[in-house]
Amino acid sequence: MFIFVFFVAFVPFVVAQNEATDAQLEASSAGRVVRVGPAAGAGGPVAAIPLELYVARVLAGEGEPNAADAARQALAVAIRTFALANAGRHAREGFDLCDGTHCQVPRAATAVTRRAALATAGRILTYEGSPAELFYSASCGGYSERAADVWPGVDYPYLPAAPDDVHEADPPWTLVLTREQVEQALGRAGFDGRLRDVRVEARTASGRAARVRVSGLVPGVMTGDAFRAAIGTTTLRSTAFSVEIEGRSVRFTGRGYGHGVGMCVIGAGRRAARGERMEAILGQYYPGLVLSALDRVEARGGPAAPARGGLVRVPSASGVAAGEVEQLTLRAHADLSVVLGVSIAPITVRIHESIEGFRAATGRPWWVSEVAEGTSIDLAPMALLAQRDGLDLTLRTAVADLLLSQPLRGRPAWIRVGAARFFGLGPARAGTAAAAPRCPSDAELALAISAAAQREAEARAEACFARAYARTGDWRTIR
Ligand SMILES: [Zn+2]
Ligand SMILES: [Zn+2]
């Protein structure tokens, strides 16, 4: 009874004094919501969360629990900026951002995360007047990473490789795996063969592994980031490692946790603890960005609301009309559905305005021209398509890719890639069929380390398919 009375009498007072409520956060969101969906993709529940409540929740998921206010406020600004800059990221699945590490991870908001969201409500970082495309990670380990060294083509002056002088006392981490464990992990990522040696072949300006040589496997070289993803991003904490083979063991020694691009959450906490303010922390990790009020950014016309509804989305500056893209798609589908005996309708086509938008929506680098999944096609920006096979042929390849995706599920990737190019670009063009190249491994197609390597692997997949198809005459039986 006493406890009950105490509760009723005391808690409202505490709330009024210290704690921002969900209602306050909703009011300060001014009608802006973030539609959050499941990391697994389409089909799960989607929640429309007021922007500032979303910031408070992600701060609980991504922040350091005991950080000082200035660090928490700086991260709140980064989280809000990320949410606005990436609002169209999962548009084809029907929401803005997912609840996994691909986007930002929300948890139940706490008193301190609500307070930091409210204290910074409506404030974002802008680059050339728009919400900045930015990143943050747990710990840079002493030197941040340049964005373009993790995501080719994503290059901004405010995401450089730069020292962070608050990590001097951090001990390095070590990870010991068996050679078989490394080989199995790479096998799951599509690499063929027996692992003989692992070596860091090149490093980025920050000292992270840029290229890793995996002798004995095909392909024999991969980016440091793809290597870390294959091993597991929580197992191999960063690409800032060195590696030694000792008998049957593979020993990694490294620094930091995460990709290391942009704000360092641990470093921000240390800076706040030694008295730096939010503005100084943001200036350290995002040099050159401007702290702006969201309503002023919107009043100037940005950020652009993602278009919704139509089956074809084309950027206005691309020099091609949505109607034209729709006609090309319908014609490609009409031809290819007869040839392949498969049809899909309706198909959604999106030509991306920027390399970054294409990468964010598909997870593939700029040297991939099209990604076809479910009923959706994502195309690289027009300027890139023009340098490669052109819009019409790329679209035909993408439609073939889409039609083949279900019937060829679970087969080696070269069959689907090769068949999509063979039927999309036209069999008459495939003069390479006489050659007998080695068919590319899944990893050669999915994890190519350069545009040239991607083109070479795709051409080989096409020649390989053409050869098998000439033999069997039935693409469905090729294995
Ligand atoms: Zn996501
Ligand atoms: Zn750091």
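Descriptive notes on the structure:
- Single unsatisfied condition, GLY141 versus (1) in contact with a Leu (Cβ under 9 Å, 6 or more places away or on another chain); (2) more than 16 Å from ligand 1 (Cβ to nearest atom): (1)
- The residues of the stretch 150-190 that are away from ligand 2 (no atom under 16 Å from the Cβ), small (Gly, Ala, Ser) and touching a strand residue (DSSP E or B) at 6+ places or on another chain (Cβ under 9 Å), listed by number, are ALA185, GLY187, ALA189.
- If the condition is being crowded, with 18+ Cβ neighbours inside 10 Å and polar (S, T, N, Q), then the stretch 41-92 contributes GLN73, THR81, ASN86.
- In the set (1) within 27 Å of ASN86 (Cβ to Cβ); (2) touching a Ser or Thr at 6+ places or on another chain (Cβ under 8 Å); (3) in a helix (DSSP H, G or I), ALA383 fails one condition alone, (2).
- Checklist (1) surrounded by 20 or more Cβ atoms within 10 Å (Cβ to Cβ); (2) modelled with pLDDT of 95 or more; (3) more than 16 Å from ligand 2 (Cβ to nearest atom) applied to GLU145, failing item: (3)
- GLY153 touching a residue at least 40 places away in the same chain (Cβ under 8 Å), over 25 Å from GLY61 (Cα atoms) and away from ligand 1 (no atom under 16 Å from the Cβ): yes
- Close Cβ contacts (under 7 Å, 6 or more residues apart or on different chains) running from residues in the stretch 89-100 that are farther than 16 Å from GLY374 by Cα to residues that are near ligand 1 (Cβ under 8 Å from one of its atoms) and of a type in the set (Asp, Glu) are absent.
The values are calculated or read from the model by the stated rules, or taken from the named source; none is laboratory data. Since this is a predicted model, take the numbers as computed values, not measurements. As a convention, Cβ positions derive from the backbone with ideal geometry for all residues, glycine included, and neighbour counts pool all protein chains shown.
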